[in-house]
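The values are calculated or read from the model by the stated rules, or taken from the named source; none is laboratory data. For clarity, every value in this text was computed on a predicted model and none was experimentally measured. Heads up, the Cβs are rebuilt from the backbone with ideal geometry, glycines too, and the neighbour counts pull from every protein chain shown. Calculation scope for accessible area: heavy atoms of the full protein, side chains included, ligands and nucleic acids excluded. Shrake-Rupley method; radii C 1.70, N 1.55, O 1.52, S 1.80 Å.
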Amino acid sequence: MLGLRALLNKSTVIEQASFFQQTRNTFILKRRWPPPLHKKNGRVPKLKARHFVYDLIEDTNVNKKPDLKVILNQFVDGAGNVGDILSLRPNVAYKEFLLPGLAVYATPDNLLKYKAAENKSRASSDFSSPYVQRTINCLSRIVLQITMNKTTPWKLESWHIKTSLRKAGYIVPEEAIIMPPKEITGPDLTLQEKEFFITVKINNKEEVNVRCRIHHWATGLERLPWEEFHWKKPLEALFPEQAEILAKMTLPE
């Protein structure tokens, strides 16, 4: 009976210990009062209580760990192409790149291994930049509101688009903006219920269509009422040749 009880107690201790994981910690300490020196072949003086008082000099748990360099072994949207070297925080490198198998350690052997793969990847890459796909996804899902005057005549130009994109958080040069096939002039309140798209060229290679809507702005009694969640409302295409493409573009939720 005693042997069975001792065995059960031992298994309980083992089970409880399995919940704990070893950690590597280093603490650098320094005596507050160093012990006195003793003569050669002399008697070692007895240490007193004050000699066991230590001051903490360094704790590795609170020290900032250096960045970890990894090499991408495949294209990663928003990060880079095959062979690109990234310098990341250790927890980011482990969780988002090393554990999923998207990268390897930047060892000398891996640097030689992926150097040729990097040149080959850049020559046959589908995108001009690792951020192109993310940029296309963002621009293709917005509804760009272009604010135009309700009382003063105007003609829509590329700098109007550039300004509206900047207000939406996107910096796009005028030369990268491809305007609609026909001129848009106003003020014309019928444009409030119609939409069109412009095209943005990225790195002189990729293109993305951006859905646009014109909003006539004025002050006082001339001001149009605000329509809540207007970007969710499907509108008629201003140009019939753009209707099919606009129908395939998703509206933001």
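Within the range 145-201, which residues are open to solvent by 20 Å² or more (accessible area, probe 1.4 Å) and acidic (Asp, Glu)?
Selection gives GLU157, GLU174, GLU175, GLU183, ASP188, GLU193.
I need the full set of residues from the range 96-113 which are farther than 24 Å from ILE136 by Cβ, among the charged types (D, E, K, R) and either surrounded by 14 or more Cβ atoms within 10 Å (Cβ to Cβ) or at pLDDT below 85 (or both), in order please. Outline the logic, then answer.
Step one: of the range 96-113, the residues farther than 24 Å from ILE136 by Cβ are 98-99, 101, 104-113.
If we keep only those that are among the charged types (D, E, K, R) as well, we get 109, 113.
Across the range 96-113, the qualifying residue is only LYS113.
Filter the range 183-211 down to residues that are within 17 Å of THR152 (Cβ to Cβ) and either in a helix (DSSP H, G or I) or basic (Lys, Arg) (or both), then give me how many there are.
Result for the range 183-211: 3.
Filter the range 202-230 down to the residues that are open to solvent by 100 Å² or more (accessible area, probe 1.4 Å) and under 22 Å from ILE178 (Cβ atoms), then identify the one that is modelled with the highest pLDDT.
GLU207
How many of the residues making up the range 69-95 are charged (D, E, K, R), at pLDDT 90 or above and surrounded by 15 or more Cβ atoms within 10 Å (Cβ to Cβ)?
From the range 69-95, those charged (D, E, K, R) are 69, 77, 84, 89, 95; that's our starting set.
Going one step further and asking which of them are at pLDDT 90 or above, we end up with 69, 89, 95.
The next check asks that each one be surrounded by 15 or more Cβ atoms within 10 Å (Cβ to Cβ); those that pass are 69.
Residues in the range 69-95 being charged (D, E, K, R), at pLDDT 90 or above and surrounded by 15 or more Cβ atoms within 10 Å (Cβ to Cβ): 1 in total.
Scan the range 29-68 for residues that are loosely packed, with under 10 Cβ neighbours inside 10 Å and in a strand (DSSP E or B) and report the count.
3
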